[in-house]
Each structure stands twice: as structure tokens, then as C-alpha cells.
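The values are calculated or read from the model by the stated rules, or taken from the named source; none is laboratory data. These figures come from a predicted structure and were not determined experimentally. All Cβ positions, even for glycine, are placed from backbone atoms using ideal geometry, and neighbour counts span all protein chains on display. When the accessible area is computed, the model is the full protein with side chains, heavy atoms only, and any ligands, DNA or RNA have been set aside. Shrake-Rupley method; radii C 1.70, N 1.55, O 1.52, S 1.80 Å.
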Amino acid sequence: MKAGRNDPCPCGSGRKYKKCCEAADRAADAGLAGGKYERVPKHEVLEAAAQEVLWEIDAVPIPIGIADGGSHRPATVIVTAGELVVRAEIRDRLGGELEDLAKAYEREIVIAAQGAGTFPERVAIRFEDLREPLQALLDPREIEVQVADHLPNAEMAAKALIEHLSGEVLWPPFSVADTWASWRLPSASVRDLFDAAADFWRRAPWKSLANEQAPRATFTSGRAWTAGVMGDGGEQFGLCLYSDPDDLYRVAAIADVENGLGRIRGRVLMLSLDPVARLPDAMAVEARTAGWHIAGPEAFPILMTINTPGGGVSRADIEDLTALLRAIPDFAEAHAADLLLEQRSGVPARLLQWRDEATGLLLQYDGEIAHERSLAGMTGNDLDEAGWYEAHEDDAVRRQLSRIAREVTEEMGPDADPEYVVAAITERAIATIDGLEAESIPVFGGLNAVQVTALLEADWSDATGPIQLNRTLPPERLSSSDLLANCRTILGLATEQDGLRATEAGNLGLAVVRELIERCRLEPVTATYLREQKRVREDDVWPIHRARVVLELAGALRRGKRQFAATREGERLTRDEFVGELFALLFETYFRKFNIAYGRLGEWPRLQMQIPFTLYRLSRMQPEWSTAEELMADVVLPFASDSAPESPSFDRPVLILETQVFEPLVEFGLLERESDVEQLLWSEMRRYRTTSLLREFLTFGIAGKMTG
């Protein structure tokens with residue numbers, strides 16, 4: 001029986017129905033067809049739903065107010081079959097955790113199916129993170145969950161509902177709230193965020209970090225965000241996190257806010273620092289009551305989400321945001337000279353890195369990459385494409401200017417006057433640029449500057465690009481790869497056991513580690529020692545720990561709340577017929593996404609940046625035994641050698657090259673290490689040679705010639 005307007009609200013809030021959920025219920029009762037509000041006979045909707053094998057379901061924040069404030073953040077859960085809405089339920093307290101959303105989705109699917117008299121064969125959702133928890137709930141009903149970037153019918157219905165309620169539509173959907181309680185977050189998490197936001201305001205990273213100088217943040221969990229600092233314009237201050245690194249530049253390329261937001265593809269968390277005078281009354285009271293720390297009357301944290309599941313924010317999201325509010329000022333202070341020089345000279349900054357040793361959080365910014373993304377973000381009326389390409393047809397020359405700029409800035413030091421630095425860059429460029437792009441340079445292994453640049457910037461997934469990976473090798477050809485074998489073992493065990501237990505710290509459980517010690521390829525001495533220990537954690541077994549991290553980065557293994565599970569792609573790649581694809585994926589992930597310095601001796605960022613050159617040079621060498629010291633000058637580019645870390649007691653660059661590049665290549669089976677000196681301590685006494693697998697796996701197409 002439906003509640004009367006003056007009856008207690010069925011939601012249990014304690015308020016009258018007319019002051020609580022009546023408005024939401026009226027909106028949900030409206031009919032939808034073809035993206036417009038119109039009444040559709042219920043029997044027609046249910047008959048059509050019974051004929052559709054695929055339903056779409058989404059949760060979208062909606063712009064309606066709920067009386068009396070409180071912890072409300074309205075969102076509608078919409079189920080569509082074809083163009084008809086089977087179910088549209090408005091929730092005023094939808095949480096941001098994936099488990100909460102999955103339960104809400106399951107409930108609406110079940111109710112819709114009860115009305116239609118049948119369940120669909122498949123349901124489509126928008127977020128990959130939501131697939132596993134929802135699939136677990138729908139497995140008993142034998143419903144397959146699919147993920148799609150775009151749900152045309154659910155989106156059409158959601159837009160129609162939003163337009164009906166507010167008169168306009170901004171898409172992708174965004175969410176704001178009148179109170180922090182509306183986000184349904186632990187009070188301790190909100191308090192930590194306020195403390196971090198106050199520190200962020202006081203340290204003012206926007207003084208040296210422009211909005212588009214956005215570092216990419218990678219957490220040890222594998223979660224990653226691009227962090228754009230607001231404030232260099234002097235009007236709006238705060239921090240924006242983008243799951244898609246290109247979204248910042250897509251938005252920045254469009255002056256009109258509505259059209260700019262419409263180009264967003266990933267998730268965005270925007271924390272703005274606003275004047276207290278502009279706050280909703282309920283939020284101001286909430287902050288005073290809770291005693292949250294605020295840096296000043298102009299710096300109150302306000303959260304907006306764009307394109308997040310259900311418009312919400314999870315505890316993990318808030319933890320990431322809090323960590324970055326603390327870390328970004330450290331990054332800005334560490335690289336202030338380079339960042340300001342880029343702003344003043346227009347010359348892209350070199351790769352800048354900062355790592356939080358306590359948490360492992362890594363921040364990276366490359367001016368070249370930011371420049372390319374900024375250009376890619378400009379389309380339509382914002383870019384005369386023909387004119388721009390005509391003016392920049394020799395892009396290689398611009399890259400050479402960037403190289404010259406990096407050399408000059410390093411020579412003159414961080415304290416040099418930017419005007420003198422720019423003048424020196426210009427003078428050297430004029431003296432050296434003529435013919436530079438075509439000249440074969442001995443220290444480049446006989447390649448010219450353009451070829452080296454193309455090699456370093458190559459897309460490894462491009463089958464016709466400068467560097468190509470053979471993805472069709474059979475299992476027997478890859479049997480020498482210990483890393484591949486260990487990754488397949490972990491994926492196989494995850495599939496066999498329907499997931500591997502995870503600890504609260506995000507590592508594999510002790511029992512899982514114990515079983516993997518028996519199954520994985522480990523050095524015999526190491527394996528024997530580990531078997532004798534009573535308690536062995538994942539990070540005590542480096543080959544297992546690293547394999548698990550690389551699998552996560554590759555998207556083959558996913559960590560849930562309490563377990564690691566193989567993704568659908570991961571399960572596919574465990575099969576023998578796809579082992580070549582898995583090998584190539586692991587190789588690209590290891591050297592392009594994984595930090596090769598992780599767990600190893602010393603940071604040397606430019607070594608990883610020039611890995612394609614190292615691989616190219618190794619592929620051209622005869623399979624003869626050589627030490628890392630003997631190979632150093634041939635396989636490492638000068639700009640990387642010049643930035644190598646030093647040590648007064650030993651040859652640190654050689655040891656880093658060996659441990660971070662050569663040893664992993666041995667584990668991939670692409671290099672061979674001399675067996676009779678395997679246990680020797682000093683790197684200059686270990687010798688390596690290339691295997692035939694390296695030349696079979698890697699092919700290089702440079703200047704129109706294919707080289708194996």
C-alpha cells in the first residue's frame with residue numbers, strides 16, 4: 001500500500017513521506033519510451049522485456065532535492081530492454097562502494113524480471129570494476145554480465161529523466177552533495193581528507209605547477225590517476241583526478257564548460273577549495289559540528305564526481321585523493337625549477353619523477369607526452385588541423401629542440417636565470433639543428449636522431465611500427481621464460497580456486513604463497529630455504545611478488561576486497577593457444593608500465609625511457625658472451641648515461657643495468673646468463689649473451705627496413 005503524504009516515509013528516515021521520498025517516487029513512476037516521457041502500457045513494456053536477451057542497467061545521479069537536507073544524494077537505477085524502461089528506481093542513499101552498487105543492480109534486475117516473467121540472458125553495465133561483484137550475485141541465475149563503454153538505451157532514458165527534472169542535460173553525469181555525509185564515507189576518512197586539503201592549501205602547489213602539467217600517479221595497488229592542480233589561473237583552487245590521462249586535455253581544449261565535460265570518457269574526482277560563504281547551510285553546520293580542520297575561510301573542500309559508478313565515491317577513491325593532496329606539493333617543490341622553466345620557455349620538460357618511500361606512490365610527468373596529449377585534445381573548431389600540420393610537418397625537429405633544451409638546462413643548473421637558459425637553448429639550436437635529423441650518429445648505434453626518436457616513442461602494439469612483438473609464439477618456444485611460467489602458474493591457480501586470498505595489506509595470503517612456492521620456478525637454494533621457514537609473506541618471495549604485480553598492471557589479475565581473481569582476459573590468456581599473446585603482454589607491461597627499479601638497486605628513470613634502444617642494439621649483436629660493463633656504452637643512449645646515479649664505492653650504473661634490464665631479460669628467456677658464474681657477486685664477472693628467441697620475438701622497422 002502506498003504511503004500517504006503525511007504518513008511516515010517507508011524509507012525509515014523518520015520524516016513525513018511528503019518531505020522525504022515523495023518527489024523521487026513521482027519521478028520514478030513516469031513512463032519512458034524512445035528517450036521521451038510518455039506513458040507506455042505496462043503490459044507492452046513487460047512483453048517487450050521478455051523478448052530481449054540483453055538488458056542494460058546503469059545508476060546515474062539526478063538533480064533533484066530531498067527535503068530536510070540530511071545524507072541524501074539521489075541517483076536512479078535504470079533497467080532497459082531495447083528502448084523501453086523496464087525499471088527506474090530512484091535511491092536517495094546510494095553508496096559509492098562497488099559491493100553496494102552491485103546489490104542495488106541485482107535488486108532492480110530481479111524486480112524487473114519478476115514483472116517480465118523471465119530473466120535476461122545477459123546484462124550490460126558501464127564499469128569494468130563493477131563486473132565481478134555483480135557477476136557473483138547473478139551467477140546463481142545464470143546471467144552473464146558484459147561491460148560496454150556506452151549503453152545507448154540506458155543513457156537515452158537517463159538523459160530524458162534528467163531533462164524532465166531539471167530542464168537541461170550535462171553528460172556524462174556528475175554528482176555534488178549538500179553534505180559530506182551524503183557520500184556515505186567513514187568519518188575518519190573525511191577527517192583525513194580535510195587535514196590533507198588544509199595542508200594542500202597552505203603549500204599552494206599551483207605556484208609552480210600549472211593545470212596541464214599533470215603528473216601521472218601510480219599506487220602500488222595498481223590504481224592510477226592523472227592529477228591536475230587547479231589554481232594557476234588564480235580563480236579556482238583544488239585538485240582534479242582523472243582515470244583517463246587524456247581527459248584533462250580534452251576538457252582544456254574546449255572553452256565551453258558543457259561541451260568540455262561532454263568529452264570526458266573516464267572517471268573524474270574534483271576537489272575544489274571554495275569560500276565558506278558559498279557553502280550549503282547544512283554543510284557548514286556539519287563541518288562545525290565535526291570540528292574538521294580548514295586552512296582558512298576561502299579553502300573549504302567541496303567534492304564533485306563525474307562519470308563515476310552511481311555518481312558516488314568509494315573509500316579507496318577518497319584514500320587516493322587524500323594521499324595525492326599530500327604528495328602533489330612534494331612533487332611540485334622537488335621539481336619547481338623544471339616546471340617553471342617549461343612554463344616560461346615553452347620547451348617540454350624532461351621526465352620528472354617523485355616517489356613516496358613510505359607508500360610506494362610514484363608521480364611522473366613528461367613534458368613531451370603532455371604536449372602530445374594537449375595537441376591531441378584539440379579538435380573541431382579549436383584546431384585548424386590542416387594548418388597546424390602544415391606548420392608542424394617536421395615534428396622531429398621539435399623533438400630535437402627538446403633534447404637540446406634538456407642538455408642546456410642540466411648544464412646550467414636549476415638556479416640559472418630562465419631568460420639566460422632560453423637564450424642558450426636558442427643559440428645552440430641554431431648552431432646544431434641543420435642536418436641533425438638526417439645525420440647518422442655513432443653513439444646512436446648508427447641510427448640518426450629521427451630514427452632514435454621514432455624508436456623511443458614507438459607504440460609497441462603497432463604491427464607496422466618501429467618495434468614489433470611476435471605474439472604468435474607457441475608454448476614450447478617460450479618454455480625458457482621463468483617469468484612467463486610463474487605468471488601462468490598464478491593465473492592458473494586463481495582460476496582453479498576461483499580466486500586467491502588477499503591480505504588486508506593487498507598481498508597474497510600466506511597459504512597461497514606457500515602453495516606457489518611449490519608450483520613456481522624458483523632458484524633451488526631459495527626454494528629450499530623458503531620451505532624451511534614457518535611464515536613466508538608474498539614480498540619475501542620476489543619472483544612471486546613481482547609476477548603478481550605485473551599481472552595486475554597487465555589487466556590479467558584483479559584484486560577485489562578479499563581476493564585476487566583472474567580477469568576474463570587473464571583466463572583466456574592461460575590457454576596454450578594464446579600463450580604468445582600473454583608473453584608479449586607481460587613483456588610490454590614490464591618495460592612500459594612497471595617501474596623496473598621497483599625492488600631493485602637505485603632509481604634511474606632515463607634507463608627505462610630508452611629501453612627500446614637497448615633492445616634494438618642487443619638484437620643486432622652476435623650471441624657472444626659479454627659482461628654488462630662491456631655492453632654498457634653500446635646499449636645505453638648518452639642522454640641516459642649522463643643521468644646515471646653514481647656511487648664512490650662501486651660502478652652503480654653497470655650494476656643497475658644488469659639488475660634492472662639484463663636479469664629480467666634472462667627471466668624472459670631473451671638473454672642467457674653464463675651458468676658457471678651464476679652465483680658470482682661482482683657484476684663485471686657475470687657474462688650474458690642473446691638468445692635466438694630475442695631475434696624471433698623482437699623485430700624492428702626503422703627507416704623502411706625490417707631488422708630482426
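Brief remarks on what is shown
- For segment 490-531, the solvent-accessible area works out to 54 Å² per residue, with a probe of 1.4 Å and every protein chain left in place.
- Carbon/sulfur fraction of accessible area - segment 595-640, other protein chains in place, 1.4 Å, %: 47 percent
- In this label model, Asp642 and Ala334 are separated by 2.2 nm, measuring between points 7 Å along each Cα→Cβ vector.
- Solvent-accessible area, 1.4 Å probe, carbon plus sulfur percent, for segment 152-217: 46 percent
- The simple spin-label model puts a point 7 Å past each Cα toward its Cβ; for Thr699 and Val176 those points are separated by 5.5 nm.
- For segment 99-205, the solvent-accessible area with a 1.4 angstrom probe is 44 square angstrom per residue.
- Element breakdown for segment 254-354 at a 1.4 angstrom probe: carbon and sulfur atoms account for 51% of the accessible area.
- Protection proxy ranking of 510-519, 526-535 - average other beta-carbon atoms within 10 Å, highest first: 510-519, 526-535
- Arg592-Glu142 FRET efficiency (beta carbon distance; Förster radius 45 Å; 0.05 resolution): 0.70
- When the listed pairs Lys103/Lys159; Lys159/Lys593; Lys207/Lys593 are checked against a 27 Å cut-off, the alpha-carbon distance exceeds it for Lys159/Lys593; Lys207/Lys593.
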